[in-house]
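The values are calculated or read from the model by the stated rules, or taken from the named source; none is laboratory data. All values reported here derive from a predicted model rather than from experimental measurement. Here the Cβ positions follow ideal geometry from the backbone for every residue, glycine too, while neighbour counts run over all protein chains shown.
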Amino acid sequence: MIETSKNKIQTKILKSSFGEIFFLDDFSKYGSSDNIRKVLSRLENEGLVERLTHGIYLKPKKDLLLGKIYPTIDEIAKQIAKRDKARIAPTGVLALYLLGLTTQIPLKAVYLTDGSQREIKIGNRTIQFKKTVPKSFAIKDELLHLIVQAFKEIGQKEITDDFFNQIKPSILHLNEQVIQKQLKYAPVWIQKQIINLTKK
């Protein structure tokens, strides 16, 4: 039984792209959860996949100079959300990092979600999904969402001219229609700051 499962799972992984992420559920038709875990453990020993964390596996990309190339925490979080059919949105230091406002990769990546609340540990990093209300997803534009979260992370009283100079290029990249239709869902103080920066 395990050998048959192994052949099917191995074939599926071999046909997939390098860098692809797999979940146990992806192989559910090939056997029980226990059997699939055993097969994936054997395939990991053979170097075909790598276990990122409980129930999540990767077919790693390999580069002659860099060695194995791993997906970013953001890519992994998006794959988990896609599997769970949940919406997620980055917050805090992660938003600053994704905007290029800090080079420090956060050890804990925090996302708002309308799916399950939980934490997933991957190596020395953590992905935290925080349950939120639907209106948190009123801003659908990814760039505007990141900008709003960056303002929230810094805080109204801590904002400096340096921060304005850093975030202004991102604000100038915003689509005018997005500003007109979605900015109203941001806190009023952030709306004012963004509008001021678009006029300067």
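Considering segment 79-126, the residues that are basic (Lys, Arg) and in contact (Cβ under 8 Å) with a residue 40 or more places away in the chain include one that is farthest from residue 153 (Cα to Cα), namely 83. For segment 52-102, taking the residues that are of a type in the set (Asp, Glu) and under 24 Å from residue 27 (Cβ atoms), the one that is surrounded by the most Cβ atoms within 10 Å (Cβ to Cβ) is identified as 84. Taking (1) more than 14 Å from residue 51 (Cα to Cα); (2) within 28 Å of the chain's Cα centre (by Cα); (3) part of a helix (DSSP H, G or I) in turn, residue 35 satisfies each apart from (2).
Considering segment 132-154, and only residues there that are assigned to a loop (DSSP other than H, G, I, E, B) and of a type outside the set (S, T, N, Q), the residue that is surrounded by the fewest Cβ atoms within 10 Å (Cβ to Cβ) turns out to be 133.
The number of residues in segment 112-131 being closer than 16 Å to residue 78 by Cβ and in a loop (DSSP other than H, G, I, E, B) comes to 3. Only a single item in (1) more than 13 Å from the chain's Cα centre (by Cα); (2) part of a loop (DSSP other than H, G, I, E, B); (3) of a type outside the set (D, E, K, R) is not met by residue 106, and it is number (1). Here residue 51 fulfils each of the conditions (1) in the same structural domain as residue 128 (by TED's automatic domain parsing); (2) assigned to a strand (DSSP E or B) apart from (1). Residue 14 meets the conditions (1) of a type in the set (A, V, I, L, M); (2) surrounded by 14 or more Cβ atoms within 10 Å (Cβ to Cβ); (3) more than 18 Å from residue 83 (Cβ to Cβ) in every case but one. The failed one is (2).
Residue by residue through segment 158-176, note down the ones that are assigned to a helix (DSSP H, G or I), polar (S, T, N, Q) and within 19 Å of residue 139 (Cα to Cα).
To start, the set of residues in segment 158-176 that are assigned to a helix (DSSP H, G or I) comprises 161-172, 176.
Among the residues that remain, those that are also polar (S, T, N, Q) are: 165-166, 170.
Correct list: 170 only.
The one condition from (1) touching a Lys or Arg at 6+ places or on another chain (Cβ under 6 Å); (2) surrounded by fewer than 12 Cβ atoms within 10 Å (Cβ to Cβ) that residue 30 does not meet is (2). Does segment 150-165 contain at least one residue that is closer than 30 Å to residue 58 by Cβ, touching a Leu at 6+ places or on another chain (Cβ under 8 Å) and not aliphatic (A, V, I, L, M)? Among the residues of segment 150-165, at least one is closer than 30 Å to residue 58 by Cβ, touching a Leu at 6+ places or on another chain (Cβ under 8 Å) and not aliphatic (A, V, I, L, M), which makes the answer yes. Residues that are more than 13 Å from residue 187 (Cα to Cα), out of contact with any Lys or Arg (no Cβ under 9 Å at 6 or more places or on another chain) and without any contact (Cβ under 8 Å) to a residue 40 or more places away in the chain were ranked within segment 155-165; the one that is surrounded by the fewest Cβ atoms within 10 Å (Cβ to Cβ) is 157.
A residue that is assigned to a loop (DSSP other than H, G, I, E, B) and modelled with pLDDT under 95 can be found somewhere in segment 177-200.
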